[in-house]
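> This structure is in structure tokens; I'll ask about it shortly.
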Amino acid sequence: MGVLLSLVVPAYNEEAVLEVFYKEAKEITAGIQVDIEYLFVDDGSKDSTLSILHKLSEIDECVHYISFSRNFGKEAAIYAGLEHAQGDLVAIMDADLQDPPKLLPQMLKAVMSEGYDCVGTRRISRKGEPPVRSFFAKLFYKLINKMSKTEVVDGARDYQLMNRKVVDAILSMGEYNRFSKGIFGWVGYRKKWLEYENIERAAGETKWSFWKLFLYAVDGVIAFSTTPLVLSSVFGFLFCFIALIMIIAIIIRTLVFGDPTSGWPSLACIVIFVAGIQLFCLGILGQYLAKAYLETKKRPIYLVEEAVLGKIKDKYNNTKTS
Ligand code: UDP
Ligand code: MG
């Protein structure tokens, strides 16, 4: 048997596009000289995604799937996919065809004959995306790269192909608060980047609202940087310093000009401002504490409702014998 490539495909409510994806991926992979396993991860879809997966796995024995007990998020789906992928090589790919399967041959070549451990992809344009979203996305990448030692590449997709070594490294990071863009950078190894123009999703709708993206960005900062904590200490120090200067200035003024009782509005403003900064810093602390709290609970990253997997790692006792 030759090299086995597992395609891990997280899918949440993707009934509109799943079959189109399967058809296109199948066409591309037909021309590739490796064996393919499709590993769909149904992330608790409420539409007919799972029944499409039932159907596909019946007609094609290369199609495997895991179905979650509820929606656990794309990060959990990626983790589950990597954990159950049986391939020597594993690629992560979105179900909406925004990650063009036609790059696969190029990616395979880089890993199989150019000596890379991993091939990442990044989109060099954000064509078709609302401008406000692009603005905040760019701002986020700038900020996180200033704050974190781990490089988070602007425009990097989760679409990538890696060898077993990299997969095992990623799996060894069993944290609950998973920020893949950071995790992929953190593990290192020899990585090649392929670039392509942004492609809009083939059908269906994006699962990411602006608010969800914002929370994801906060998760990312907290997972890969402690700079906000340092910042709150800096704020504290700065305010003590300002207060000291003000005290000295007031003492001198009182000695020189006496003590006229005035200036309470400015005092009120200062009190409110400083209280605001204090709450802000407490909030930062709270965020880290909340994440630490969740990590200490050691909850599972996902729960499986049903699965059809290949022979090697079939721990869910399914009946399929592919
Ligand atoms: N996805 C998932 N769980 C979620 C949200 C999304 O598995 O809770 C999957 C989704 O089915 C798709 C991929 O993650 O295959 C990317 O999602 P989407 O296309 O909605 O994100 P966008 O490309 O707009 O960033
Ligand atoms: Mg998409």
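Values quoted throughout were computed directly from the atomic coordinates according to the rules given, and no laboratory measurement underlies them. Keep in mind it's a predicted model, so treat the numbers as computed, not measured. Neighbour counts are summed over all protein chains in view; Cβ atoms, including those assigned to glycine, are modelled from backbone coordinates with ideal geometry.
> Whats the longest run of the chain with zero trypsin sites (Lys or Arg not before Pro) that are DSSP loop and have at most 11 other Cβ atoms within 10 Å?
With a cap of 11 other Cβ atoms within 10 Å, the longest stretch comes to 150-297.
> Now for a different question. For the Cα atoms of the chain, what angle does the longest principal axis make with the long axis of helix 49-59, in degrees from 0 to 90, nearest 10?
30
> Mind listing the Cα extents of the stretch 1-136 along all three principal axes, in Å, largest one first?
The Cα atoms of the stretch 1-136 stretch 41, 39, 25 Å along their principal axes.
> Under 14 Å Cα-Cα from K146, which aspartates and glutamates qualify once same-chain neighbours fewer than 8 residues away are excluded?
Of all the aspartates and glutamates, those that pass the test against K146 - Cα under 14 Å, at least 8 places apart if same chain - are D154.
> Of the options F239, V187, L229, report the single residue whose Cα projects farthest towards the positive end of the charge dipole of the stretch 106-248 (beta-carbon charges: Lys, Arg +1; Asp, Glu -1).
Going by the Cα projections, it comes out as V187.
> Of K26/K291; K109/K212; K23/K181, which pairs sit farther than 32 Å apart, going by alpha carbon to alpha carbon?
Result: K26/K291; K109/K212 exceed 32 Å.
> Given the DSSP H assignment, sum -39500 (n - 2.57) over each helix run of at least 4 residues in the chain and divide by its residue total; what's the result at 222 nm in deg cm²/dmol, nearest 500?
-16000 deg cm²/dmol
> Could I ask something else about it? Arrange the following residues from fewest to most other Cβ atoms within 10 Å of their Cβ: H54, H64, H84.
Listed from fewest to most nearby Cβ atoms, that is H54, H84, H64.
> Enter the mean projected area of the convex hull around the alpha-carbon atoms of the chain, in nm², rounded to one decimal.
Mean projected area of the Cα convex hull: 20.8 nm².
> Oh, and also: Please rank M112, M107, fewest neighbouring Cβ atoms within 10 Å first, as an exposure proxy.
M112, M107
> Now for a different question. Taking neighbour Cβ counts within 10 Å as the exposure measure, how do C240, C62 sort from fewest upward?
So the residues, fewest neighbours to most, are C240, C62.
> In straight Cα distance, which lysines are under 16 Å from K46, not counting same-chain residues fewer than 8 positions off?
K74, K207
> With the cut-off at 1.5 for a/c, could you classify the stretch 85-206 from its C-alpha gyration tensor as rounded, prolate or oblate?
Note, shape of the stretch 85-206 comes out oblate.
> Taking the alpha-carbon centroid of each part, what is the distance from the stretch 153-214 to the stretch 241-283 in angstrom?
The two parts, judged by their Cα centres, are 48 Å apart.
> Taking the stretch 234-281 as the region of interest, what is the percent of Cα-Cα pairs per 5 angstrom bin, listed from the shortest bin to the one with the maximum distance?
5, 18, 21, 26, 16, 9, 5, 1
> Something else about it: Nearest 10 degrees, 0 to 90: what angle lies between the long axis of helix 227-257 and the longest principal axis of the chain (Cα atoms)?
10
> I need the GluC sites (Glu not before Pro) found in the stretch 17-65, filtered to DSSP loop residues with at most 15 other beta carbons within 10 Å of theirs.
E61
> May I pose another question? Ratio of Rg to Rh for the stretch 148-267, alpha carbon only, Kirkwood?
Here Rg/Rh amounts to 1.28.
> Can you give me the distance in nm between label points at S125 and L215, each placed 7 Å from the Cα along the Cα-to-Cβ direction?
3.3
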